[in-house]
Amino acid sequence: MNRKSVGDIIKHRELETIQTSYIGIPNPQLLTHLQFRRFAGCPMCNLHIHSFVERSAELAVRGIQEVAVFHSSKKAMIKRHASAPFAIIADRSKSLYREFGVEASVLSVIHPKSWVPVVRGMFEHGVSLPAFGESPLGLPADFLIGMDGKILALKYGSHAYDQWSVDELLELARHAGNVNHGSLG
């Protein structure tokens, strides 16, 4: 896998969202949080995405462009996330996953820290089995990308519910803003 590192530069690209619009990454005016999730019906992923939906206005005020990638079809993503207030990308071929070094592991779902979120997600958002080509074994990943395309922070999850919370992202963005403005050493 081609894992990224802090300091790597992401070349500009336009990604098609499930709403059939395009979003630029990096964004020359905003920080970008690029998060990789699993499949459309994943209860943990939907629980996690919902926390970002609930606080999307707060993210926007803090200058963060939110982009979530799932390895599902556009049709499956529209069914689950058409009303999301931020960009959702259907990457069924997993080309972005390969490019960013996002992996899969059987440990993703058997790790004890995944059990409570999966049950909670099932009750709150339902569940559907992975469709053909989707995998329940995917690991999450998060990237905070600067306006110049530089990766400012990243996290490759070690289990299926090992990703940044909204609060962690906001703290990373605050720190990145201070570094970009020379306030921190």
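The test for being in contact with a Phe, Trp or Tyr (Cβ under 7 Å, 6 or more places away or on another chain), not aromatic (Phe, Trp, Tyr) and not in a helix (DSSP H, G or I) holds for LEU15. Among residues of region 85-114 that are more than 23 Å from ASP8 (Cα to Cα) and at pLDDT below 95, those with a beta-carbon under 9 Å from a residue that is in a loop (DSSP other than H, G, I, E, B) and among the basic types (Lys, Arg) at least six positions away or on a different chain give the pairs SER108/ARG38.
Summed over region 27-86, the residues that are part of a loop (DSSP other than H, G, I, E, B), closer than 17 Å to ALA141 by Cα and of a type in the set (Ser, Thr, Tyr) give a count of 1. For region 64-78, the set of residues classified as at pLDDT below 95 and more than 23 Å from GLU103 (Cβ to Cβ) consists of LYS74, LYS75, ILE78, listed by residue number. Looking only at residues of region 145-168 that are hydrophobic (A, V, I, L, M, F, W, C) and in contact with a Lys or Arg (Cβ under 9 Å, 6 or more places away or on another chain), we find that the one that is surrounded by the fewest Cβ atoms within 10 Å (Cβ to Cβ) is VAL166. Applying a threshold of 6 Å to beta carbon distances and a minimum spacing of six or more residues, or different chains, the list of pairs starting in region 135-156 at a residue that is farther than 11 Å from PHE100 by Cα and at pLDDT 95 or above and ending at one that is among the small types (Gly, Ala, Ser) and surrounded by 19 or more Cβ atoms within 10 Å (Cβ to Cβ) reads LEU144/ALA153; LEU152/GLY146; LEU152/ALA176.
The values are calculated or read from the model by the stated rules, or taken from the named source; none is laboratory data. Computed from a predicted model, the values in this text were never measured in an experiment. Cβ atoms come from the backbone with ideal geometry, glycine included; neighbour counts cover every protein chain shown.
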